[in-house]
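The values are calculated or read from the model by the stated rules, or taken from the named source; none is laboratory data. Because the structure is predicted, anything quoted here is derived from the model rather than measured. Every residue, glycine as well, gets a Cβ built from its backbone with ideal geometry; the counts of neighbours run over all protein chains shown.
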């Protein structure tokens with residue numbers, strides 16, 4: 001068993017190839033985006049207008065299913081990495097959500113207690129969070145864990161980590177360019 005929290009933040013290099021990333025971004029430029037909102041206790045949306053938060057979308061793009069299907073191999077690599085006798089599988093994972101960060105956009109510090117995802121037909125508890133990047137031609141936008149662990153992701157890379165209060169994270173403001181990524185939660 002690993003004894004540091006940082007040991008459970010697992011990065012996979014070259015998860016998606018450049019062609020898939022570029023094709024996805026071209027299509028993401030044509031879809032509908034919404035202001036990101038956090039949920040307070042009780043499921044009440046917090047309005048984040050004008051507070052620098054990113055844009056999100058769950059719209060369909062032609063590469064979405066390909067990315068979704070590939071997540072299975074990333075989750076398997078994570079489970080192999082942690083190597084727990086009691087954690088060898090999962091029930092499923094959520095549809096991916098795309099994230100877009102224009103200049104000065106960010107995601108404030110939070111942990112992934114994503115209960116609203118599991119209020120409908122899907123029932124479960126999020127156990128792992130997934131963040132994948134589609135580009136790296138921007139400045140800023142670093143993924144920060146624990147206030148001091150900076151992760152600069154390259155296009156096509158993936159990060160998997162536990163979805164609980166021990167893993168606070170944020171995305172620093174983008175300084176130049178536009179950052180595109182996607183997220184999913186394993187249950």
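Figures for the structure shown
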read-out: All strands (runs of 3 or more DSSP E) inside the range 102-185 with 1 or more residues being touching a residue at least 40 places away in the same chain (Cβ under 8 Å) and under 20 Å from residue 90 (Cβ atoms); value: 128-133, 158-162
read-out: Selection status of residue 19, loosely packed, with under 13 Cβ neighbours inside 10 Å, at pLDDT 95 or above and part of a helix (DSSP H, G or I); value: yes
read-out: Tally of residues being touching a helix residue (DSSP H, G or I) at 6+ places or on another chain (Cβ under 8 Å) and at pLDDT below 90 across the range 30-72; value: 2
read-out: Residue within the range 103-112 that is out of contact with any strand residue (DSSP E or B) (no Cβ under 6 Å at 6 or more places or on another chain), at positive phi and exposed (fewer than 13 other Cβ atoms within 10 Å of the Cβ) present; value: yes
